[in-house]
Amino acid sequence: MPIDMRTAPYAALLLRVTLGIYAIAHIYWKFYIRPDGFDGWWNGLSMAGYPNWVILYVLSGEFLGALLLIPGIFTRWVALYALPLIVGAAQFWLVRKGFFFTGAGAELPVLWAVALLVQAGLGDGAYALVPSPPFPFIGRHSRAMPAE
C-alpha cells in the first residue's frame, strides 16, 4: 500500500510537535524538577567523563529541538542535529542500566532516536514555518515507485 499523501503531512506534524514537546519537558526537568538541579545534571555528566563541549552540544540540541521543531523551522536538519545526542543518551543508559525502560534503561532514548530519524525522512510536515532545504544528493531525480 502506498503512503497516503492526504494524511502523511499531518502525521509528520504530529511527530514534529511531539518531539518538540519532549525536548521542552526534558529541559524543564533539568532546570526545575531534578532534585539537584541543572548543576547536578552538569556535574554528573562531567564526573562521568564527558568533556564540557559534549555537555554544551547536548544542551544546544535540546534547546534547538524545543524552539524549532514545534513551529517547523528547518525540521529535517534540527532532527539530524539532535540525533547524536539521543544516541549518546541511549549508550549512556544502556551501559549503566541495560535496555529496558522499567529499569531506567535505554529503551526510550532508542525510540526517540528512531523518531528523529523518521522525522528527518518525512520532512517538515504540515504548517511548517520555514521548510527544510532538501538533502544534498538525495531525491534530485524523481523515480517511479515499483508496482505493488
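Springs between alpha-carbon atoms under 10 Å, Gaussian network over the chain: tell me which of 132, 60, 46 tops the mean-square fluctuations.
Result for the chain, Cα springs under 10 Å: 46 fluctuates most.
Evaluate E = 1/(1 + (r/R0)^6) for residue 7 and residue 28, where r is the Cβ-Cβ distance and R0 equals 30 Å; express this FRET efficiency to the nearest 0.05.
0.45
Mind ordering 105-118, 19-32, 61-74 by average Cβ neighbours within 10 Å, highest first?
Ranked from most to least packed, the peptides come out as 61-74, 105-118, 19-32.
How many Å² of accessible area per residue for region 46-121, probe 1.4 Å?
Counting only protein heavy atoms, the per-residue value for region 46-121 is 54 Å².
When the accessible area of region 1-63 is split by element with a 1.4 Å probe, what percent falls to carbon and sulfur?
Accessible surface attributable to carbon and sulfur in region 1-63 totals 71 percent.
If I take every Cα pair under 8 Å that is 6 or more residues apart in the chain, average their sequence separation and divide by the length, what percent do I get for the relative contact order?
That works out to 30 percent.
Just to check I understand the Karplus step: with θ = phi - 60° and J = 6.51 cos²θ - 1.76 cosθ + 1.60, what whole-Hz values come out for region 43-49, glycine and proline as x?
5, x, 5, 4, 5, 7, x
Can you give the Rg to Rh ratio for the chain, taking only C-alpha atoms and Rh from Kirkwood?
Ratio of gyration radius to Kirkwood radius: 1.03.
Probe radius 1.4 Å, ligands and nucleic acids left out: which of 124, 4 has the largest accessible area, and how do the rest follow?
Output order, biggest surface exposure first: 4, 124.
Quick one: helix 75-97 against the long Cα principal axis of the chain, what's the angle to the nearest 10°, folded into 0 to 90?
For 75-97 against the chain, the angle is about 40 degrees.
In degrees from 0 to 90, rounded to the nearest 10, what is the angle of the helix 8-28 Cα long axis to the longest principal axis of the chain?
10 degrees
The values are calculated or read from the model by the stated rules, or taken from the named source; none is laboratory data. Given the structure is predicted, the values throughout are model-derived calculations rather than measurements. Note: ideal-geometry Cβ built from the backbone for every residue, glycine included; neighbour counts use all protein chains shown. Ligands, DNA and RNA are stripped out before the accessible areas are found, and what is left, the full protein with its side chains, is counted by its heavy atoms. Shrake-Rupley method; radii C 1.70, N 1.55, O 1.52, S 1.80 Å.
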